[in-house]
1. Which pairs have Cβ atoms under 6 Å, sit 6 or more apart or on different chains, and link a residue in the stretch 65-90 that is loosely packed, with under 14 Cβ neighbours inside 10 Å to one that is hydroxyl-bearing (Ser, Thr, Tyr)?
2. Here are TYR109, TYR100: which of them is in contact with a strand residue (DSSP E or B) (Cβ under 8 Å, 6 or more places away or on another chain) and open to solvent by less than 40 Å² (accessible area, probe 1.4 Å)?
3. Right, GLY104: small (Gly, Ala, Ser), under 19 Å from HIS30 (Cα atoms) and in contact (Cβ under 8 Å) with a residue 60 or more places away in the chain or not?
4. Can you pull out every residue in the stretch 19-55 that is open to solvent by less than 50 Å² (accessible area, probe 1.4 Å), free of Cβ contacts under 8 Å to residues at least 60 places away in the same chain and in a loop (DSSP other than H, G, I, E, B)?
5. Can you tell me which condition GLN115 does not meet? The list is (1) open to solvent by 60 Å² or more (accessible area, probe 1.4 Å); (2) touching a helix residue (DSSP H, G or I) at 6+ places or on another chain (Cβ under 7 Å); (3) not acidic (Asp, Glu), and all the others hold.
6. Report whether or not ASP61 is assigned to a loop (DSSP other than H, G, I, E, B), out of contact with any helix residue (DSSP H, G or I) (no Cβ under 9 Å at 6 or more places or on another chain) and among the charged types (D, E, K, R).
7. Within the stretch 31-47, is there a residue that is within 16 Å of GLN3 (Cα to Cα), of a type in the set (A, V, I, L, M) and over 16 Å from the mean Cα position of the chain (by Cα)?
8. Taking the condition of being among the hydroxyl-bearing types (Ser, Thr, Tyr) and modelled with pLDDT under 95, how many residues in the stretch 41-73 meet it?
Amino acid sequence: QVQLVESGGGLVQAGGSLRLSCAASGTILHIVNMGWYRQTPGHQRELVAEHNSGGARNYADSVKGRFSISRDNAKNTVHLQLNSLEPEDTAVYYCNARVYTRPGVWDDYWGQGTQVTVSS
């Protein structure tokens, strides 16, 4: 199986910055997409940013221009730079990856989540 481990969450004042990191390990042939989602109580998990293997990047409208996703394919890692943080960004952030473990066999994997809290 594949494991995703996130780090970098914490408490920050509005306007501040954080950098989240996610490292994938295990039986990995190829990672198609890596991305970040976030979730708050009573809300569905929503896409924040994703980075596919071809280099395309997608962002939620609410974070566009403030967050930046980067990916190191050789290290199977993805990072999310969160700038100009707002209280509305407070959530548990989850790393996600679609991973081929062998040719023709893939699945979606999730990290355990890391808490980001932005004070007003």
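1. Partner pairs satisfying both residue conditions: PRO87/SER120.
2. Numbers: TYR100 fails: open to solvent by less than 40 Å² (accessible area, probe 1.4 Å).
Criteria check complete, one pass: TYR109.
3. Details: small (Gly, Ala, Ser): yes; under 19 Å from HIS30 (Cα atoms): yes; in contact (Cβ under 8 Å) with a residue 60 or more places away in the chain: no.
Against the criterion (small (Gly, Ala, Ser), under 19 Å from HIS30 (Cα atoms) and in contact (Cβ under 8 Å) with a residue 60 or more places away in the chain), GLY104 does not qualify.
4. Within the stretch 19-55, THR40, GLY55 meet the criteria.
5. (2)
6. Working: assigned to a loop (DSSP other than H, G, I, E, B): yes; out of contact with any helix residue (DSSP H, G or I) (no Cβ under 9 Å at 6 or more places or on another chain): yes; among the charged types (D, E, K, R): yes.
When the stated conditions are applied, ASP61 passes them.
7. no
8. As a first pass, look at the stretch 41-73 and keep what is among the hydroxyl-bearing types (Ser, Thr, Tyr): 53, 59, 62, 68, 70.
Among the residues that remain, those that are also modelled with pLDDT under 95 are: 53.
Final tally of qualifying residues: 1.
The values are calculated or read from the model by the stated rules, or taken from the named source; none is laboratory data. Computed from a predicted structure; not experimentally measured. FYI the Cβ positions are ideal-geometry reconstructions off the backbone, even for glycines, and counts take in every protein chain you see. Side chains included, ligands, DNA and RNA excluded: accessible areas come from the protein's heavy atoms. Shrake-Rupley method; radii C 1.70, N 1.55, O 1.52, S 1.80 Å.
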